[in-house]
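Right, one structure below, let's go through it.
Computed from the coordinates by the stated procedures, all read-outs in this text should not be read as laboratory data. Being a predicted model, the structure only gives us computed values, none of them experimental. Note that each Cβ is placed from the backbone with ideal geometry, even for glycine, and that neighbours are counted across all protein chains shown.
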Amino acid sequence: MLKTVDTVPKTARQRLRDLVEQRNAFILPGAANALTARIIEDLGFEAVYLTGAGFTNTQLGMPDLGLLSVTELADAAARISDVTTIPLVVDIDTGFGNALNVYRTVHLLERAGAAALQIEDQVFPKKCGHFSGKGVVPLPEMLGKLHAALDARRDPGTIIIARTDARAVEGFERALERAHAMTEAGADVVFVEAPESVEELRAIGQLPAPQIVNVVMGGKTPMLPREELAAMGFSMALYANAALQTMIRSIQEVLGTLRDKGSLDGVEDRLASFVERQRIVGKPRFDELEARYKGA
């Protein structure tokens, strides 16, 4: 069941705004499901990012090519916000259609518990930001979608992140022009996707609005430590699919051993204990509730 806006603690949105304004490149890990989000919060991270690519890879078993639906995304956001208290940033891709679709998408995701929503200017169907062959819509069309997202907010504390993929399509200078236009249109945070050098990162860090950088293992952007990104002026360092890539490698190694040896001999230390697994999913709390209501 989706939450109403009134049941979402506004303090989470304010906490996220405070983090953004510090421009200290706080680490924003991505999650594709509620379990990963719980682990992220348990590890002490200050916010979590619902990744469209990660959700598509994990839940659909497909590549990030605009195959996700808005209702699937909203359901995933609601599940995450049901079991976590840290702010939730949601990737809404291109907004699932035109400006009117964006308007409805913002309502759905805000109701599902999002503290921030990220919309991009790719043509539909979109592609992963570090894939080749992307296209971007005309700037006026993107600004129309951005205005729709801003107008659709029921809580003014909800952050709207405007992303441009123009770097790979029209060049870096045009990408900066789009970022400035999005800032002037009212975006709370701007996101220039896939810069290709340290010099480009430095230039993005000087933009007037807070910025986010996407750190992708094997991607086009230099992988710099948080301290350097903070010194450049970035607000958020997004690691959208580090958990997903870890999961893939771990499953391959552990189940590969099981296939080859017929046992988990030699990889037992790669598995969480049964007790830890139950702790992460909150079973002790359910035990307390069961004891409280037993025989009531």
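For this structure, a couple of remarks:
- Pair Glu227, Gln245: separation of 7 Å Cα→Cβ label points (nm): 2.2
- A simple count of charges around Leu264, restricted to other residues whose Cβ falls under 14 Å of its Cβ and scoring Lys, Arg +1 and Asp, Glu -1, yields -2.
- The mean sequence separation of alpha-carbon pairs under 8 Å and at least six residues apart, normalised by the residue count of region 9-91, gives a relative contact order of 35 percent.
- Between the helical axis of 172-185 and the longest alpha-carbon principal axis of the chain there is an angle of about 90 degrees.
- The Cα atoms of region 46-125 give a gyration tensor whose axes a ≥ b ≥ c have a/c of 1.5 or more with a/b no greater than b/c, which makes the shape oblate.
- With a cut-off of 13 Å between beta carbons, the residues surrounding Phe26 carry a summed charge of 0, where Lys and Arg count +1 and Asp and Glu -1.
- Non-local lysine pairs in region 5-242, meaning eight or more places apart or on different chains, with alpha-carbon distances under 27 Å, amount to 9.
- Net charge of the neighbourhood of Arg279, taken over other residues with C-beta under 12 Å away and scored Lys/Arg +1, Asp/Glu -1, is +1.
- Angle in degrees between helix 283-293 and the longest Cα principal axis of the chain, rounded to the nearest 10: 70
- Label-to-label distance for Glu196 and Leu100 is 3.9 nm, based on points extended 7 Å past Cα in the beta-carbon direction.
- Using alpha-carbon coordinates, inclination of helix 70-83 to the longest axis of the chain, degrees: 50
- Estimated FRET transfer efficiency (Glu276, Asp18; beta-carbon r; R0 25 Å; 0.05): 0.20
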